[in-house]
Amino acid sequence: MDYLNKILELVASFLAVTVVLTFHEFAHAFAAYRSGDPTPKWNGRLSLNPLRHFDPIGLICFTLVGFGWAKPVPINPDNFKHYRRGLAFTASAGIIMNYLMAFITFPIFLVVLNYVQVPVLSEFLFNLTYCLFAYSLSFCVFNLLPLYPLDGFRIVEACSKKHGKVYRFLRKYGYYILLFLIIESFICRIFTDYLGAEIIGQTGAMVMDYMNILGWIMKFATNIFGYPISALWGLIPWKIGVSWRIIPW
């Protein structure tokens, strides 16, 4: 049964990643197309087919660390009816889509948690709905980081009339900063989650946890963004109480 639960957990996690990444990239493509740019459609990205959006490295990072990326949607901002408005709309579309998905999937998760009591099926649905909510919220927050090539950087680019030293620095080194933060977070989580206090000691585990820079950023931001969702849906009298600290970074 333990092996079956583990397999169901992995399947649920993979399905959730597939849905979250697909809708995120589709939102970018749809926003660009609606803004006047046919490039995403020409490149086959105006689609809900996951295979058109996956980036292998980003998918692996999402699976192992809990945040990653898909293939960027190709756009030509010169085709936008309104350049800055189209650029901002396209950059923020994926983030907005993921937050809406988190808002919608959270009550579904609570329904499964409170009312579905079917053996095996309830465990699978619990993992699936939880991952859909958690991944949607974490992907929304992760993409708000103002580091190239994330959506947060694109929003800064769209809203900045003058591209000064800070912009040029983030454009040039943002990818390397992001890669460093992901690798550093992954190493820290290996020590804290898999090796644990039994191998590196209680103090060592605490030190590695505090050194997880990206983990602290994500924990802080997801708690802020997740609170309105759980606060609103928490008005419903569920059997089990609603906690806004639901994502274990």
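Here the accessible area of the chain is 69 percent carbon and sulfur, with a 1.4 angstrom probe and all protein chains present. Ordered from highest to lowest accessible area with the whole protein assembly present and a 1.4 Å probe, Val20, Val120 read as Val120, Val20. Within the straight-line cut-off of under 19 Å between alpha carbons, the aspartates and glutamates reachable from Lys71 are Glu25, Asp37, Asp55, Asp151, sequence neighbours fewer than 8 places apart in one chain being disregarded. Please go through the residue pairs Lys41/Lys219; Lys81/Lys162; Lys172/Lys219 and name each one whose alpha carbons sit more than 31 Å apart in this structure. From Lys41/Lys219; Lys81/Lys162; Lys172/Lys219, over 31 Å: Lys41/Lys219.
Legend: residues Val141, Val118, sorted from most to least accessible area (1.4 Å probe; ligands, DNA and RNA excluded), read Val118, Val141.
Accessible surface comparison of Asp55, Asp209, Asp2, Asp151, probe 1.4 Å, protein chains only, largest first: the order is Asp2, Asp209, Asp55, Asp151. Taken about its Cα centre, the chain carries a charge dipole of roughly 1200 debye when the Cβ of each Lys and Arg holds +1 and the Cβ of each Asp and Glu holds -1. Could you point to the residue in Leu48, Leu121, Ala93 farthest towards the positive end of the chain's charge dipole, with +1 and -1 charges on the Cβ of Lys/Arg and Asp/Glu respectively? Among Leu48, Leu121, Ala93, the one farthest towards the positive end of the dipole of the chain is Ala93.
If r is the Cβ-Cβ distance from Arg85 to Ile183 and R0 is 35 Å, what FRET efficiency results, to the nearest 0.05? The partial results should precede the final answer.
On the way: r = 36 Å, r/R0 = 1.03.
Efficiency at R0 = 35 Å is approximately 0.45.
Take the alpha carbon atoms of segment 88-125, find their center, do the same for segment 1-21, and report the distance between the two centers in whole angstrom. With segment 88-125 and segment 1-21 each reduced to a Cα centre, they are spaced 14 Å.
A probe of 1.4 angstrom, applied to the heavy atoms of all protein chains, finds Trp216 with accessible area near 100 square angstrom. Take Leu150: with every protein chain present and a 1.4 Å probe, its accessible area is about 10 Å².
The values are calculated or read from the model by the stated rules, or taken from the named source; none is laboratory data. These numbers come from a predicted model, not from an experiment. Backbone-built Cβ (ideal geometry, glycine too); neighbour counts: all protein chains shown. Only protein heavy atoms, including side chains, enter the accessible area calculation; ligands, DNA and RNA are left aside. Shrake-Rupley method; radii C 1.70, N 1.55, O 1.52, S 1.80 Å.
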